[in-house]
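Chemist: My questions all concern the structure below.
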Amino acid sequence: MSTTETRSRIIEIGKRQGPQQFAHDVLKGLSSQKKKLSSRYFYDEKGSRIFEEIMKLPEYYLTNTEWDILKKYKNDILEQVRGQRFQVVDLGAGDAKKTMVLLEHFHAHMADFEYVPIDINRDILEDIEYTIQKRIPELETVPVLAEYFDALKWINETRKFRKLVLFLGSNIGNFTKKAAAGFLSEMQHVLNEGDLLLIGIDLKKDPNQILRAYNDSKGITAEFNLNLLRRINTELGGNFNTDKWIHFANYNPINGSVKSFLVSREKQEVTINSLHKTFKFEAFETIHTEYSNKYDLGEIALMAEDCGFEQVQNYVGIDFPFSESLWRVVRR
């Protein structure tokens with residue numbers, strides 16, 4: 001499949017956050033009393049490449065654990081949705097490597113379905129279409145370039161099939177627990193009764209094991225965070241000197257929250273030309289960059305119920321506690 005052919009099949013819905021939104025969020029975050037930057041901006045082209053390196057690290061258990069769970073339980077997941085034509089809706093599809101475990105199994109077992117990858121990056125969607133064309137050319141694929149809820153609303157209006165929505169990769173952990181509940185409640189609202197959600201959720205475990213995943217021995221996670229400052233330099237005309245910053249992550253085993261920070265090594269000033277503003281940092285002042293919240297199975301069950309879902313099953317990894325949780329939309 002050529003790039004032109006791939007591009008022509010992508011459906012673009014709504015408006016996405018662009019450079020102006022990035023500038024607005026950086027200004028707001030660095031002007032706060034407790035400075036912060038959103039982890040959603042980690043994933044420029046270089047950031048995405050760095051994250052691929054992170055996923056290969058022995059300390060970063062999440063990717064391989066999730067892969068193993070999907071391979072082990074792929075048939076059970078299929079049996080939960082089989083019976084009529086359905087859609088596999090992939091939120092934040094990324095490279096779709098884990099999703100391919102399900103797609104190839106469903107296709108091999110003659111399931112009647114179509115694949116709807118959703119992402120805000122056109123290049124990612126083009127790569128997915130190319131992969132599908134090579135590996136499952138018969139699979140009807142409807143790539144959607146959109147924010148999550150814009151895409152889900154469009155799907156409900158135009159394509160009347162039961163849905164298996166995938167939200168993999170422990171992405172829900174990047175929300176605060178309050179924000180996660182709001183996000184999932186909104187998702188439940190735009191789905192239909194009987195639709196299914198398969199959501200990857202990292203579980204509480206040995207705190208040292210968790211910390212090693214966010215403070216890897218090669219310093220790649222640190223580079224991932226520091227790249228956010230480089231992105232500000234490139235796109236917004238900043239003058240961050242990354243040698244003057246260090247990455248630090250901590251984990252609270254009581255509430256299950258990992259927090260990642262960039263810490264200023266010294267008192268310094270940083271000017272961002274496109275914002276027409278200079279920001280002052282004290283020595284060891286922090287910029288909060290990421291949440292990664294962990295749950296236990298009781299919290300998952302309560303979250304599902306509070307957000308309008310019925311919990312169908314938790315598929316839990318053995319070596320590293322991680323859950324692929326399958327929920328069904330119910331209307332009470």
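The values are calculated or read from the model by the stated rules, or taken from the named source; none is laboratory data. The shown structure was predicted, so the numbers you read here are calculated from the model rather than taken from an experiment. Using ideal geometry, Cβ is built from the backbone for each residue, glycine included, and neighbour counts are taken over all protein chains shown. Just so you know, the surface numbers come from the protein's heavy atoms only, side chains and all, with ligands and any DNA or RNA stripped out. Shrake-Rupley method; radii C 1.70, N 1.55, O 1.52, S 1.80 Å.
Chemist: Using label points projected 7 Å from each Cα along Cα→Cβ, tell me how many nm separate K46 and V330, to one decimal.
Modeler: 5.0 nm
Chemist: If you don't mind, another one. How much mean residue ellipticity at 222 nm does the chain get from its helices, if each DSSP H run of length 4 or more adds -39500 (n - 2.57) and you divide by all residues, to the nearest 500 deg cm²/dmol?
Modeler: Mean residue ellipticity at 222 nm (helix-derived): -13000 deg cm²/dmol.
Chemist: With +1 on each Lys and Arg Cβ and -1 on each Asp and Glu Cβ, and nothing else charged, work out how big the dipole of region 58-193 is about its Cα centre, in Debye to the nearest 20.
Modeler: For region 58-193, the charge dipole is close to 380 debye.
Chemist: Still on this structure, I have one more. For Cα pairs less than 8 Å apart in space and 6+ apart in sequence, what is the mean separation divided by the residue count of region 1-130, i.e. the relative contact order in percent?
Modeler: 27 percent
Chemist: Here is a further query. Can you compute the charge dipole magnitude of region 158-213 about its Cα centre, using +1 on each Lys and Arg Cβ and -1 on each Asp and Glu Cβ, nothing else charged? Give it in debye, rounded to the nearest 20.
Modeler: The calculated dipole for region 158-213 is roughly 60 debye.
Chemist: Could you give the Stokes-Einstein D for the chain in µm² per second, using the C-alpha Kirkwood radius, 37 °C, 0.692 mPa s?
Modeler: Approximately 156 µm²/s, per Stokes-Einstein.
Chemist: Next question. Ignoring solvent entirely, what values of log10 I(q)/I(0) come out of the Debye formula for region 180-319 at 0.15, 0.20 Å⁻¹ when each Cα is a single scatterer?
Modeler: -0.89, -1.12
Chemist: Restricting to Cα pairs below 8 Å that are 6+ residues apart, what does the relative contact order work out to for the chain? Please round to a whole percent.
Modeler: Reported relative contact order: 22 percent.
Chemist: At most 14 other Cβ atoms within 10 Å and a DSSP loop assignment: could you name the GluC sites (Glu not before Pro) in region 272-303 that fit?
Modeler: E282
Chemist: To the nearest 0.05, what FRET efficiency results for Q20 and M110 with a Förster distance of 41 Å applied to their C-beta separation?
Modeler: Result of the calculation: an efficiency of 0.30.
Chemist: Hey, if we sort S264, S48 by accessible area with the 1.4 Å probe, largest down, what's the order?
Modeler: S48, S264
Chemist: Over region 239-315, what is the mean sequence separation of C-alpha contacts under 8 Å (at least six apart), divided by residue count, expressed as relative contact order in percent?
Modeler: 25 percent
Chemist: Measure of size requested: the Rg and Dmax of region 57-200, with Cα atoms as the atom set and Å as the unit; please supply both.
Modeler: Looking at region 57-200, its Cα Rg and Dmax stand at 14.7, 43 Å.
Chemist: Looking at N255, I201, F86, which one has the Cα that reaches farthest to the positive end of the dipole of the chain (charges on Cβ: Lys, Arg +1; Asp, Glu -1)?
Modeler: N255
Chemist: With the other protein chains left in place, how much accessible area per residue, in square angstrom, belongs to region 156-195 at a 1.4 angstrom probe?
Modeler: Per-residue value: 43 Å².
Chemist: Expressed as cubic angstrom per residue, what is the convex hull volume of the alpha carbon set of region 186-256?
Modeler: Output value, Cα hull per residue: 176 Å³.
Chemist: Between 0 and 90 degrees, rounded to the nearest ten: what's the tilt of helix 61-81 against the longest Cα principal axis of the chain?
Modeler: 20 degrees
Chemist: For region 153-230, just run the numbers: alpha carbon Rg, then divide by 2.2 N^0.38 Å, N being how many residues it has.
Modeler: 1.49
Chemist: Hey, another quick one. If one takes the longest principal axis of the Cα atoms in the chain, at what angle in degrees, from 0 to 90 and to the nearest 10, does the Cα axis of helix 45-55 lie?
Modeler: 70 degrees
Chemist: Please compare each pair in K36/K244; K28/K218; K97/K244; K56/K277; K28/K177; K34/K98 to a cut-off of 28 Å on the Cα-Cα distance and tell me which ones are over it.
Modeler: From K36/K244; K28/K218; K97/K244; K56/K277; K28/K177; K34/K98, over 28 Å: K28/K218; K97/K244; K56/K277; K34/K98.
Chemist: Given a 1.4 angstrom probe, what's the average accessible area per residue across region 216-266, in square angstrom?
Modeler: Each residue of region 216-266 exposes 44 Å² on average to a 1.4 Å probe.
Chemist: To the nearest 20 Debye, how big is the dipole of the chain about its Cα centre, given +1 on the beta carbon of each Lys and Arg and -1 on that of each Asp and Glu?
Modeler: Taking the Cα centre of the chain as origin, the dipole is about 700 debye.
Chemist: Right, something else. What part of the accessible area of the chain, given as a whole %, is carbon or sulfur when the probe is 1.4 angstrom?
Modeler: 49 percent
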